[in-house]
Amino acid sequence: MSFPPQTPQDYCDYFEGMLKAIPPDPKWEIGFRAAQSWRDYCEKDSRCASSQVIIPIVKTLMPVRYSGHLLFGLWQQVLGGLAKCSFREQKEIWLEVFSPVNQGQEIITFNEEAHQLLRRWSELDELASSSLITETTMMDLVDEMYVYAVSSHEWFALTLAIDKWFKNHVDEPSFFDTVCIRFNKKSN
């Protein structure tokens, strides 16, 4: 195992070792279960075949995501992997991420705004099947989102996922870069 863990298997090995820690801590069992599920998911050939595979990982890991830097590292891997899924798969998962019921003691800010943004993204995804998504359309979503994009790690990951989706529809400019520029202008 490399340290810090890099691969899903590295996370499994780390958390399995921590199961023997003295004093014992229930978060290691949670981390181990989530790491095993994430490893199994990543090893499958049909990645993102079902959001129902990732949602239990989200529900398991979210309440403890800030309980240690390696739990947080695993959480970041899971969030980063969402961008590889289709929008329809992602939407269900993001709804779980932005549900306060799943968040434990560390509640994400702007949950309702995330749900509104996901509805808007859903409309765009439906529109993309029958017409061209333009830079103007992208800029409208930038205007709706830039205020929240850096408010949490989850919002940041959602911004990156939307950026990847837009790369399939708009060559330039980058959604992510535009969000960052807009946020920086507001901050100054």
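Residues in region 114-123 carry Karplus couplings, in order, of 5, 5, 5, 5, 5, 5, 5, 4, 4, 4 Hz; the curve used is 6.51 cos²θ - 1.76 cosθ + 1.60 with θ = phi - 60°, and Gly or Pro positions show x. Okay, which of region 63-79 sit inside 14 Å, backbone N to the point 7 Å along the Cα-Cβ direction of Ala21? Under cut-off, by backbone N: 64-74. Computed from Cα positions, the angle between helix 175-187 and the longest principal axis of the chain comes to roughly 80 degrees.
What the Cα convex hull of the chain gives, in volume per residue, is 132 Å³. From its DSSP helices (H runs of at least four residues, each -39,500 (n - 2.57)), the chain gives a residue-normalised ellipticity at 222 nm of -21000 deg cm²/dmol. For the chain, the longest principal axis of the Cα atoms and the long axis of helix 26-43 meet at an angle of about 60 degrees. Extension gain, Glu43 to Asp171: 0.36 nm times the residue separation minus the Cα-Cα distance gives 42.9 nm.
Which Cα, out of Ser37, Ile55, Ala83, lies furthest along the positive dipole direction of region 23-93 (beta carbon charges, K/R +1, D/E -1)? Among Ser37, Ile55, Ala83, the one farthest towards the positive end of the dipole of region 23-93 is Ala83.
Cross-linked pairs Lys44/Lys84; Lys44/Lys164; Lys59/Lys91; Lys84/Lys164; Lys44/Lys167; Lys84/Lys167: Cα-Cα separations exceed 18 Å for Lys44/Lys164; Lys44/Lys167.
Take the alpha carbon gyration tensor of region 108-188, find the square roots of its eigenvalues, order them as a ≥ b ≥ c, and report rounded if a/c is under 1.5; if not, report prolate when a/b exceeds b/c, else oblate. The shape class here is oblate.
This model, with +1 at the C-beta of Lys and Arg and -1 at the C-beta of Asp and Glu, gives the chain a dipole about its Cα centre of some 340 debye.
Working from Cα positions, state the angle (0 to 90°, nearest 10) between the long axis of helix 153-167 and the longest principal axis of the chain. The two axes meet at around 50 degrees. Dividing the mean sequence gap of close Cα pairs (under 8 Å, 6+ apart) by how many residues the chain holds gives a relative contact order of 16 percent.
Taking a Cβ cut-off of under 14 Å around Gly104, the surrounding Lys, Arg, Asp and Glu residues balance to a net charge of 0, with basic ones at +1 and acidic ones at -1.
Evaluated with a Cβ-only charge set (Lys, Arg +1; Asp, Glu -1), region 1-100 carries a dipole of roughly 240 debye about its Cα centre, given to the nearest 20. The residues Ser130, Ser67, when put in order of fewest to most other Cβ atoms within 10 Å, stand as Ser130, Ser67.
Throughout, read-outs are computed from the coordinates displayed, never taken from laboratory work. Worth saying up front: this structure is predicted, and the values here are computed from it rather than measured. Neighbour counts run over all protein chains shown; Cβ positions are idealised from the backbone, glycine included.
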